[in-house]
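*Asks:* Please read through the structure below; I'll follow up with questions.
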There are 4 protein chains.
Amino acid sequence: VSDLFWPGDERADGLLDDAALLGALVAVEQAWLDALLEAGLAPASPTLTAVVEPADLAREAEAGGNPVIPLVRRLREQSSWVHRGLTSQDVVDTALMLCLGDVLERVEDELERQVSALAALADEHRGTVMAGRTLTQHAVPVTFGLKAAGWLTGVLDALEALAGVRLPAQLGGAAGTLSAVVEIAGSPEAALRLTAAAAERLGLEPDAPWHTSRRPVTAVGDALVACTDAWGRIATDVATLSRPEIGEVTEGAGGGSSTMPHKANPVLSVLLRRTALTTPPLAATLHTAAALAGDERPDGAWHAEWATLRDLGRRTAAAAGQATDLVTGLRVHADRMAATVAGADGDLTAERASIAAFLGRPAEDTPYLGAADLVVDRVLDRARSLEREIP
Amino acid sequence: VSDLFWPGDERADGLLDDAALLGALVAVEQAWLDALLEAGLAPASPTLTAVVEPADLAREAEAGGNPVIPLVRRLREQSSWVHRGLTSQDVVDTALMLCLGDVLERVEDELERQVSALAALADEHRGTVMAGRTLTQHAVPVTFGLKAAGWLTGVLDALEALAGVRLPAQLGGAAGTLSAVVEIAGSPEAALRLTAAAAERLGLEPDAPWHTSRRPVTAVGDALVACTDAWGRIATDVATLSRPEIGEVTEGAGGGSSTMPHKANPVLSVLLRRTALTTPPLAATLHTAAALAGDERPDGAWHAEWATLRDLGRRTAAAAGQATDLVTGLRVHADRMAATVAGADGDLTAERASIAAFLGRPAEDTPYLGAADLVVDRVLDRARSLEREIP
Amino acid sequence: VSDLFWPGDERADGLLDDAALLGALVAVEQAWLDALLEAGLAPASPTLTAVVEPADLAREAEAGGNPVIPLVRRLREQSSWVHRGLTSQDVVDTALMLCLGDVLERVEDELERQVSALAALADEHRGTVMAGRTLTQHAVPVTFGLKAAGWLTGVLDALEALAGVRLPAQLGGAAGTLSAVVEIAGSPEAALRLTAAAAERLGLEPDAPWHTSRRPVTAVGDALVACTDAWGRIATDVATLSRPEIGEVTEGAGGGSSTMPHKANPVLSVLLRRTALTTPPLAATLHTAAALAGDERPDGAWHAEWATLRDLGRRTAAAAGQATDLVTGLRVHADRMAATVAGADGDLTAERASIAAFLGRPAEDTPYLGAADLVVDRVLDRARSLEREIP
Amino acid sequence: VSDLFWPGDERADGLLDDAALLGALVAVEQAWLDALLEAGLAPASPTLTAVVEPADLAREAEAGGNPVIPLVRRLREQSSWVHRGLTSQDVVDTALMLCLGDVLERVEDELERQVSALAALADEHRGTVMAGRTLTQHAVPVTFGLKAAGWLTGVLDALEALAGVRLPAQLGGAAGTLSAVVEIAGSPEAALRLTAAAAERLGLEPDAPWHTSRRPVTAVGDALVACTDAWGRIATDVATLSRPEIGEVTEGAGGGSSTMPHKANPVLSVLLRRTALTTPPLAATLHTAAALAGDERPDGAWHAEWATLRDLGRRTAAAAGQATDLVTGLRVHADRMAATVAGADGDLTAERASIAAFLGRPAEDTPYLGAADLVVDRVLDRARSLEREIP
């Protein structure tokens, strides 16, 4: 898989692409067959194999509007019990949850690496004084440690957002009544046991059918955007601070130019900002689709989710690795930070003078850093509570 | 307050409007003054009063880009200690969290009413058979109880989403270091105690400064959209089912027409669908802003949040009441549902015949409802675990 | 009208607010009455007066889902012929087009002022050399005149986008057949003449009914966003260039701070960026609504347009004035630009050295400005072709 | 190319995919080489060949942030004159415009087919009476011819929107000054002649550099969404009207089910609605990016356009064919329409009775169709003025 339109896409290799979806669709049908066998309801079948190129299946998918119909036709050549009791949406929704599980795992791994790197930066640079900037102008001094702690806060928020995501199996039959499952299993209770067993085989949560209750989909979308928000904000800072006139940080390996030999562009930041600009509207699409999920399966809103989830998932996974590279490779130029502070005349301490005048006492001449150090401590404490590895 | 462009807006009276924001801004300044007094850092001041019309303050807000600057100028006529140690963003962010707290409370109240009403509908209509519909076409039979349980699932998901929202105070000073607070309080530790005390007075969580870590804002946006998603989906169903050719439900009080005397339009559903179409892009704006939150206060991204939160909050609050009216007033026409089922020939049981043929046995002639009843039970159990009042 | 959540909103006073909408609704009913009278179909009526507070009308609007129903009830007390032949959507859609016409006029006026100011800047600063910046890094030299010409290009594009907007009247009756109008007018031909006459009275284009063909709405939304795009890009440049480390431009009147006396924030740029971040999702909402405009009047998609158009229209109108202030007041610091260029060592001419090496000849030592001057000429020519006033 | 997440994607085969982009990138470099040769500035080179798999190029693209850098490195093995004078953005932007030209051509072809089909439907069904429906309820009668004319209006609007799109070449060099081109060409005038010649070779408009004036990009995005809006609205109508309880139209070939043998789903409508729900947020992303296009090349906003344009372009192209299939294959059930009208009792003529009562005369008993026929004529006239082929 490659994407000439999305540099860095190959970082998401194996995640939520055609092959991964096809594999997951087959895995869902297999888990269902296995659950039927285990319950003594179906005879043993050979292990299913996909036996179709994704491109061929994709071409066959338009007629019925989804890829499960042609896939089942092919898989039934391997076992007539394939898909008995299920509906297309069961298989697509459950397969997407499987694929999303892989995305979330990858993203969490990278976020944890970022927590370590940012915690180290925050701790190391507690005393690295730099100009605080608000509305682009100098405000009061901060430390680079505090800035790194702020970036870390976003990353921890993203980890918490992901931790709240549920990945339920969808096994409800044609209209969410498990009608055909009950025919096969013999009773409603047995039908629910069967779906729970299949969910367990797939490592997903059992759940009541959610064909038109799309919170599992919108929640994962929102959580993925919480990640790209966190990285977008870091990238925005790095892009600004690596401007030559500021020069306070540099990416570990700058990108070159097709024509200007001297350029060292903050490419990771550029690509992360790109990602963060495109993901919020994708998550919005998932919500709009959720609001339009009428009947027992809606007339378009469901179908709008698939590629949207794919794009959200792959872009977030690729950005996760880029963000790790960014924060682990970042070079911090304390000398340039100090020079900015020195060159700011009294601007960075104007507040201090003002408040001293109000309080009727002289302004001190110590570093004007307020509680920056304590705030760093507090964020590091939070990081430790989420991630054991933080020292 | 009124809004001729948004019928039903007055249901949100008192929530997140100009007067509410002004009140909250003053309340934040007051809580800060009180905390200073309590800590022995400032003398007693008279209780602050707003002393300005919102319209006048609004006009004065453009020069500095926010309403706190002109407000503080006026409030300092009442006490010179007003706002000492704080920055504009502290006051705006904290005031918005206060206002959002009122919105969330209102929305939660309405969601709880909806839980009761939908649980009752689900229970009452366990045996009310209707056609299940997928991709607009008849699928297998369902019950109206199951449909109500599905609606209830969305409402419970929304309640859970709201339960995860944090409302932190923002008290960090010009660049998030609490620099001026430390000057006043004497030490970083005392400064943090002071901000915690002020947060407690306001009923908000104390937190590390989050001027550019905007998860509190995006999380509340996402949760509000989870609400409008749930209602939009109910409204989509009601709009379809109240078509004259289907006629299976009717809103309690249909809306009239300016020209056609016979019309009874599903107005609440129409207005809820309207809301649900407009809110996801608003939440997306909050995410885009979060990703662009650079420096110690960003150059536009922060300002983009205010009206976006207002619109999201008020629209959700107004829709909350409309949704309660919709589900409590809904009239269910079991006879029309039965007639649809009767008129569907064998379509609704075609699946049963097909699976019976596969299993090599005759199809039964009992109602073909699968585990619908058990699924209803499961959703009602979940409702009870969230809301004690469910019988 | 004021908006404490949107500093600068008062610049849009009188545009697309409740009073303007109410006035336009009455104006549409009046024009219709007048057209009926002129055609000899109805007797003379007294001139209509609104006789209701917008707030009261807003409260009455929810029951039927739009404000026309209660308005007509009140206006019929003045003449029983009010609204005969029309439907609510006719009146709302036509009134919105009237209000949008006022917005477009205001915005075009401001854009023309900006054309003049930017053309002057482009011409004046043809020789003001500054660093070109790509991906935040120094590239090759440009001139500030070229930058101003680029800004001007965006403003001219916006003017062209607005010039393509049509403002049609909507006069189609309950389902777009002009059924009741034909009853009154006596024939289909007379009915169409009547609607054309009413449209002419309102200064709007006559058109076939477009109740569910929403291109007039989406087109105006797209054109308004083309404006905020153009200003957002200017504001992004100004925000960057007014950073203290760069200091190459300053806003005419910088905004102050609630706590830091030295601050001169680029407030207009901040507020313009704010606007530009919020408008694209609003225009997207109009498109989503257009795609869902089913039946002869849709069940929510139409209602979603009103406040969306209001917010888009007012925000664009307010931003129009802010953008004029920004470009007319901008202070350009040629000395700082020259200093940046001087301090860039060979970076800004590295490309020249590289191409000279390739061509096997020495790099010249003249200003390395390529065809910047000719490009400025070309943009000024385009400005002149659109706007006579450009010298 | 295939896309298992987007059934129907193969309809866009050859359009805006990796191979098409790679081909276009090489075509731009070739046209530039040819223009240099023609102007006597460079020696003859062998015809360029891509000599790289898109996947390999994609992998190499991340380091510099775009695919042109590694591509040029490879193409320079074929001629050292490749890319001399250009910058990466020149090549990417121009290549995207080339690819978009192919998309627009395809989409216009399909729209023209739809004009013919819809004009025929409108003409044929002038007398096919059906219920008009507003807010889901019966309003007054319409004809299916009028409905088809309304659909046609949307398609004509889309054609007009596309007709307004410009496809300019981007040839401006590193920072839009054509600096290196002037070095090669010898003078600014010669440089501009060279870029005009290269644009002409590519069939694109010459233009002043637009690296940060992104109207060409947002305009094409808006126009593509105007297309999906038009189809989404048709699909929304077809989905509703093909509900079994209404049954007034059927898609030519309904989609099957994985489990229910009787189903004939309106699959094309479902897939078109899917498309129309996902495209507006993509166009919004292009606008947000345009507003953030700072400096002489922005730090992420440019990169956000590529995949967004690809998705918008391919989805619109695929939907174009689906929409043609939908409107050419549609089966219209005049009998069911008549039955609905007959069953509506007096509802559909209640307005007529009401207006007759007001006018003090008896209501006629003729078909109550107002000026429907004249409106159809007017839309057909417009179709003829845009498309000669309409009879």
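*Asks:* Over chain D, with a Gaussian network built from C-alpha contacts below 10 Å, which listed residue (D:Asp207, D:Asp123, D:Asp365) shows the highest mean-square fluctuation?
*Replies:* Top of the fluctuation ranking is D:Asp365.
*Asks:* Can you give the net charge of the other residues whose Cβ lies under 13 Å from the Cβ of A:Ala318, counting K and R as +1 and D and E as -1?
*Replies:* Its environment carries a net charge of -2.
*Asks:* Still on this model: What shape does the protein assembly as shown take by its C-alpha gyration tensor, where a ≥ b ≥ c are the square roots of the eigenvalues and a/c under 1.5 counts as rounded, a/b above b/c as prolate, and the rest as oblate?
*Replies:* Taking the square roots of the gyration eigenvalues as a ≥ b ≥ c, the protein assembly as shown is rounded.
*Asks:* Smallest Cβ-to-axis distance in chain D, for the rotation taking D to A: which residue, how many Å?
*Replies:* D:Pro281, 2
*Asks:* Give me the distance in nm between label points sitting 7 Å out from Cα along the Cα-to-Cβ direction at C:Thr49 and C:Ala264, one decimal.
*Replies:* 5.3 nm
*Asks:* Given a 10 angstrom Cα cut-off, can you work out which residue in D:Thr349, D:Thr328, D:Thr279 is the most mobile in a GNM of chain D?
*Replies:* Answer for the Gaussian network model of chain D: D:Thr349.
*Asks:* While we're on this one: Rounded if a/c is under 1.5, else prolate if a/b beats b/c, else oblate: with a ≥ b ≥ c from the C-alpha gyration tensor eigenvalues square-rooted, which is region A:1-120?
*Replies:* In terms of gyration-tensor shape, oblate.
*Asks:* Turning to a different aspect of this structure: GNM on chain C, C-alpha springs below 10 Å: top fluctuator among C:Arg106, C:Arg378, C:Arg310?
*Replies:* Greatest mean-square fluctuation among the candidates belongs to C:Arg378.
*Asks:* Between copies, how close do the B:Thr47 label points come, placed 7 Å along Cα→Cβ, listed in nm from shortest?
*Replies:* Those separations, rounded to one decimal, come out as 5.0, 7.6, 8.8 nm.
*Asks:* Something else about it: Would you calculate, for chain B, the mean residue ellipticity at 222 nm contributed by helices, counting each DSSP H stretch of 4 or more residues as -39,500 (n - 2.57) and dividing by all residues, to the nearest 500?
*Replies:* -20000 deg cm²/dmol
*Asks:* Need one number: convex hull volume per residue for region A:270-391, Cα atoms only, in Å³.
*Replies:* In region A:270-391, the Cα hull volume divided by residue count equals 234 Å³.
*Asks:* Still on this structure: Helix by helix, which DSSP H runs in chain A go 20 Å or more along their axis at the Cα atoms and have an average Kyte-Doolittle hydropathy of 0.0 or more?
*Replies:* Those that clear 20 Å and a mean of 0.0 are A:18-38, A:88-124, A:144-163, A:188-202, A:215-241, A:267-291, A:372-386.
*Asks:* What does the charge count around D:Gly360 come to, taking other residues whose C-beta lies under 13 Å from its C-beta (Lys +1, Arg +1, Asp -1, Glu -1)?
*Replies:* Its environment carries a net charge of +1.
*Asks:* If contacts are Cα pairs under 8 angstrom and at least 6 residues apart, what is the relative contact order of chain C in percent?
*Replies:* 21 percent
*Asks:* What distance in nm separates the two pseudo spin-label positions at C:Asp123 and C:Ala39, each 7 Å out from Cα along the beta-carbon direction?
*Replies:* My value for the distance between the label points is 5.2 nm.
*Asks:* Here's a follow-up. What are the GluC sites (Glu not before Pro) within region B:15-93 that DSSP puts in a loop, where the Cβ has at most 12 other Cβ atoms within 10 Å?
*Replies:* Qualifying residues, ordered by number: B:Glu77.
*Asks:* Follow-up. Could you please state, rounded to a whole Å, how far the C-alpha centre of region D:116-137 is from the C-alpha centre of region D:28-103?
*Replies:* Region D:116-137 and region D:28-103 have Cα centres separated by 51 Å.
*Asks:* If you take the charge dipole of chain C about its Cα centre, with +1 on Lys and Arg Cβ and -1 on Asp and Glu Cβ, which of C:Gly329, C:Ala291, C:Pro209 is farthest toward its positive end?
*Replies:* C:Gly329
*Asks:* So the label point sits 7 Å from Cα along the Cα-to-Cβ vector; using that for A:Asp365, what distances do you get to the other copies, in nanometres, sorted shortest first?
*Replies:* 4.7, 10.4, 10.7
*Asks:* Label region D:232-282 by shape, choosing from rounded, prolate and oblate, from the square roots a ≥ b ≥ c of the eigenvalues of the Cα gyration tensor; if a/c is under 1.5 it is rounded, and otherwise prolate applies when a/b is larger than b/c, oblate when it is not.
*Replies:* Oblate.
*Asks:* Moving to a separate point now. Lys and Arg at +1, Asp and Glu at -1: add these up for the other residues within a Cβ distance under 12 Å of D:Leu86 and post the number.
*Replies:* Summing Lys/Arg as +1 and Asp/Glu as -1 gives -3.
*Asks:* Along Cα-to-Cβ, 7 Å out, sits the label point; list in nm, shortest first, how far the one on C:Arg76 is from those in the other copies.
*Replies:* 6.0, 6.0, 8.0
*Asks:* With the crude spin-label approximation of a point 7 Å out along Cα→Cβ, what separation in nm comes out for B:Ala19 versus A:Ser187?
*Replies:* Placing both labels 7 Å beyond Cα along the Cβ direction yields 6.2 nm.
We did not get these values from a lab; they are worked out from the coordinates using the rules stated. Note that the coordinates shown come from a computational prediction; the quantities given were computed from them, not determined experimentally. Please note: Cβ atoms are built from the backbone with ideal geometry, for glycine as well, and neighbour counts cover all protein chains shown.
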